[in-house]
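Okay, structure first, notes after.
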Ligand SMILES: Nc1ncnc2c1ncn2[C@@H]1O[C@H](COP(=O)(O)OP(=O)(O)OP(=O)(O)O)[C@@H](O)[C@H]1O
Ligand SMILES: [Mg+2]
């Protein structure tokens, strides 16, 4: 964390997102400030509140992408919530605190995965032991030691027992050798396709069940109660050795993990490092514009009011304990086409002191987006067709043409930002994606994508206004 200087964070973000320097800079500073706060002593550390951020910019210009990448590279618990969903039918009045619970769930999963990684070696060894016992019943050294102990107690005083003892020791040794052999074969994966019978315990997936029933909003202690009422299912089943091993590793991992420690670490991490990305914040601002007047302003205002305590800092009770939201970082984003940041409640505005504007993307940006990021669309296309045995080569003119067509389509139709590139690339590769296997079968190995080819593929769509609305 110490070497995650603002500059370093921006550089990391640069690998995935083109331009938008101001936004990158703002989030990098916010992250650094949280780290700084964590180095402070109790008293002042409590006073420092996060500098929440509002990102304003047209659709598809990288707002969500920046927040998502940021979370990934700082290892922070992160969730994305559409602020507007709380105004929708079926969601209206839905508990906005649920976002904090979701964030905690995320943190718990994260911490658990880390800890599972830490005990992985132990869990694998224990699982292997159990698997060997399943495959060689009666060979378990612990079990036979126990049996032997009782047998020798019963035989005490009986002189003939002595011979029996030697034989048992011998067989323990040979069983040990047998187990060793079995272990080797298992490790080599030689038995993966064999089957083994085992007990499988299935804990009911209550959280999923509750979410489907809308019960995830219920009182945490109620949820706990439900979970206790629904019994675990225990079934004897034949499974492939490969799967048995996975199941056993999971069971052994569960045994090794300290659930309480995971939860308390997760709560700490949620409170100190959690990031909540509030998307479509502009949709809960009350402004005039299409659907502004006479639209359900009451509910938008209501959502803002509901959000306020969470953003200001409050204690949210979850089924795992109380989470204080005072130091959670909120990054809000919106297009702010009709509404302005100033149309939000003053109290809420005050909690988002940092405002950054993201610029609409230009043709030049598109050229870079198509080629520079690690997972750039052109690279994806190269990789996918590479699987078929077709080497795709983009000529510079082709990239330029795609960027130009994307920019033009954004201008003429609707500006959907970098998302337009996806539709352009798909259109260009439409036929090739379909007949690539035939081309390879016919001996083709390389495919040069030229400026002319790009225009040829996209032209019919562009020529037909209705069609272009539909396809591009
Ligand atoms: N500046 C950029 N550099 C690289 N890729 C980008 C950039 N902007 C957008 N993209 C790509 O476009 C897609 C959409 O971007 P993103 O989800 O960040 O849009 P957004 O700004 O959140 O839009 P919305 O307001 O609709 O939510 C993503 O796949 C992202 O990778
Ligand atoms: Mg978005």
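I'd like to know if segment 145-165 contains one or more residues that are closer than 19 Å to residue 248 by Cα and either at pLDDT below 80 or part of a helix (DSSP H, G or I) (or both).
No - not one qualifying residue is present in segment 145-165.
Of all residues being away from ligand 2 (no atom under 16 Å from the Cβ) and surrounded by fewer than 16 Cβ atoms within 10 Å (Cβ to Cβ) in segment 327-348, which is farthest from residue 273 (Cα to Cα)? Just the residue, please.
Top of the filtered list is 338.
Scanning for something within 16 Å of ligand 2 (Cβ to nearest atom) and either free of Cβ contacts under 8 Å to residues at least 24 places away in the same chain or over 21 Å from residue 334 (Cα atoms) (or both), does segment 39-59 turn up at least one residue?
no
Could you please find all residues in segment 60-82 being more than 9 Å from ligand 2 (Cβ to nearest atom), in a helix (DSSP H, G or I) and surrounded by 19 or more Cβ atoms within 10 Å (Cβ to Cβ)?
66, 69, 70, 71, 74, listed by residue number.
Residue-by-condition table, conditions (1) in a loop (DSSP other than H, G, I, E, B); (2) within 16 Å of ligand 1 (Cβ to nearest atom); (3) modelled with pLDDT of 90 or more:
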residue	(1), (2), (3)
222	no, no, no
231	yes, no, no
242	no, no, no
253	no, no, yes
288	yes, no, no
293	yes, no, no
303	no, no, no
316	no, no, yes
323	no, no, yes
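Since residue 132 meets every condition but one in (1) assigned by TED's automatic domain parsing to the domain that holds residue 326; (2) farther than 30 Å from residue 361 by Cα, which condition does it not meet?
It fails just one condition, (1).
For residue 8, indicate whether it is more than 16 Å from ligand 1 (Cβ to nearest atom) and more than 30 Å from residue 322 (Cβ to Cβ).
The answer is yes for residue 8.
Run down 76, 126, 83 and say which single residue is in contact (Cβ under 8 Å) with a residue 40 or more places away in the chain, outside the structural domain of residue 301 (by TED's automatic domain parsing) and touching a helix residue (DSSP H, G or I) at 6+ places or on another chain (Cβ under 6 Å).
126
The values are calculated or read from the model by the stated rules, or taken from the named source; none is laboratory data. These numbers were taken from a predicted model, which means no experiment stands behind them. Positions of Cβ are generated from backbone atoms using ideal geometry, with glycine treated the same way; all protein chains shown enter the neighbour counts.
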